[in-house]
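What follows is a short report on a single structure.
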Amino acid sequence: MAETQKVLVVDDDPDALRLAETLLRRAGFEVLTASDGAAGLALIRVERPRVVVLDLMMPGLHGFSVCEEVQKDEALRDVRIIVTSSKSYPVDIKKAKDLGAADYLVKPYDMAELLRRVKALAGSNNPHIRVKFWGTRGSIPTPGAATARYGGNTSCVEVRCGESIFMLDTGSGAREFGLALAREFAGRQLDLHLFVTHTHWDHIQGFPFFVPAYIPGHRLTLYSLHGTDKSLEKLFTGQMDASYFPVDLTDMQAELNFVELKGGDVKVGESRITHTYLNHPGVAIGYRIEYAGRSVVYLTDHENLCRHRGDNEHNRRLEALTTEFARGTDLYIREAQYTEEEYAAKRGWGHSTWVDAVDAAHEAGVKRLALYHHEPMHDDDALDRIVAAAHGRMKERGMKFECFAAADYQELAL
């Protein structure tokens with residue numbers, strides 16, 4: 001780390017407090033400690049640590065209340081909270097994240113895992129790009145106890161580059177993202193740029209429930225390609241037809257602008273956004289956002305052409321275009337819906353396996369790979385097994401990038 005960063009550990013268990021403090025100091029962090037919620041909240045307001053490791057059940061002010069107070073304070077928007085608790089109930093995990101916690105770690109936890117998560121959230125004191133996952137599931141939402149850790153919302157990712165706010169797809173995760181934006185921009189204008197990969201249900205189903213679109217004074221610009229037989233605006237208008245939804249698109253009181261991409265790049269502030277075609281039924285594209293020397297590539301719903309249509313020179317050349325599009329990116333958000341066994345029965349459906357994603361990331365020389373667009377039949381344990389298998393393949397083949405399965409509400413700084 002170029003600069004010493006502050007981490008605050010709040011826990012009424014003296015052993016847990018001491019162990020976490022020792023670990024984080026050895027890792028180079030400046031560590032502050034508090035043994036109750038009220039003292040912890042006071043330190044947060046004065047010291048503004050980059051990351052807070054916060055116990056949930058403490059006497060006096062419990063962790064839920066601390067999260068709520070931090071979330072309400074605009075001056076503390078850059079503080080990232082990891083809740084730690086022996087409570088593993090899905091309702092508690094969801095409530096903590098609804099109140100602004102960036103992560104949740106069940107006790108007893110592995111100390112190396114705590115360090116990994118703190119480092120992931122710490123990023124840089126002044127990150128060039130900030131990313132938050134609001135929906136990581138493919139095909140259909142899958143709420144419930146079996147998906148509590150990785151989440152069940154469909155595709156939606158927030159990317160912030162300086163003052164510019166980008167939204168990648170508007171699946172069911174868009175509802176909670178919209179609620180967070182409405183709180184953040186209460187009384188002031190929101191200018192949001194929404195980039196849609198394609199208009200299959202799992203990538204647009206959250207838009208009718210996106211609260212900022214109903215607030216006068218907000219401005220939303222939607223980007224994508226012209227559909228196979230309809231304009232981008234007509235696709236969104238049709239989604240909210242009275243036969244399917246009781247509210248019309250014209251009832252949205254924000255300023256809505258629809259931009260059909262014709263080629264080249266898009267400039268928003270100091271950010272540059274480019275796109276590439278994907279191998280998926282219908283019209284689908286992926287995006288690359290570049291800002292201040294950093295980049296994020298969002299490439300979902302793509303089937304490897306060589307596996308789909310045969311390994312020949314033509315298909316290798318086309319697949320190489322996708323590889324080059326992701327070349328050297330800091331974060332590669334890549335669809336990895338199937339296992340190899342599942343793909344055998346679903347070849348031609350327009351999706352990849354985790355092996356495809358790992359190999360593509362290695363070939364493109366990326367720094368981080370987020371496995372994304374999780375199969376709705378995969379519960380948390382299944383995703384854990386996929387991550388373990390991915391790490392095994394990487395070790396066996398000498399691959400050096402970071403690889404993880406994206407989770408709803410997870411945050412990263414680049």
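The values are calculated or read from the model by the stated rules, or taken from the named source; none is laboratory data. Just so it is clear, the structure is predicted and the values come from calculations on it, not from any experiment. In this analysis, Cβ positions are derived from the backbone assuming ideal geometry, glycine residues included, and neighbour counts consider all displayed protein chains.
Some notes on this structure:
- Residues in the range 162-194 that are β-branched (Val, Ile, Thr) and either under 22 Å from residue 138 (Cα atoms) or surrounded by 24 or more Cβ atoms within 10 Å (Cβ to Cβ) (or both): 170 alone.
- When residues of the range 1-30 are limited to those that are farther than 19 Å from residue 101 by Cα and β-branched (Val, Ile, Thr), the one surrounded by the fewest Cβ atoms within 10 Å (Cβ to Cβ): 4
- Some residue of the range 297-319 being within 14 Å of residue 332 (Cα to Cα), polar (S, T, N, Q), out of contact with any His (no Cβ under 8 Å at 6 or more places or on another chain) and surrounded by 15 or more Cβ atoms within 10 Å (Cβ to Cβ): no
- Going through (1) surrounded by fewer than 24 Cβ atoms within 10 Å (Cβ to Cβ); (2) touching a residue at least 24 places away in the same chain (Cβ under 8 Å) one by one, residue 329 falls short only on (1).
Conditions (1) of a type in the set (A, V, I, L, M); (2) within 25 Å of residue 5 (Cα to Cα); (3) in a helix (DSSP H, G or I), marked per residue:
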position: 54; (1), (2), (3): yes, yes, no
position: 60; (1), (2), (3): no, no, no
position: 65; (1), (2), (3): no, yes, yes
position: 70; (1), (2), (3): yes, yes, yes
position: 100; (1), (2), (3): no, yes, no
position: 115; (1), (2), (3): yes, yes, yes
position: 133; (1), (2), (3): no, yes, no
position: 146; (1), (2), (3): yes, no, yes
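- Residue 230 falls short on exactly one of the conditions (1) farther than 27 Å from residue 374 by Cα; (2) part of a strand (DSSP E or B); (3) among the charged types (D, E, K, R), and that condition is (2).
- Criterion violated by residue 101 - all others in (1) within 13 Å of residue 410 (Cβ to Cβ); (2) assigned by TED's automatic domain parsing to the domain that holds residue 375 satisfied: (2)
- No other residue among 141, 212 is closer than 17 Å to residue 252 by Cβ, at pLDDT 95 or above and either outside any strand (DSSP E or B) or not assigned by TED's automatic domain parsing to the domain that holds residue 266 (or both) apart from 212.
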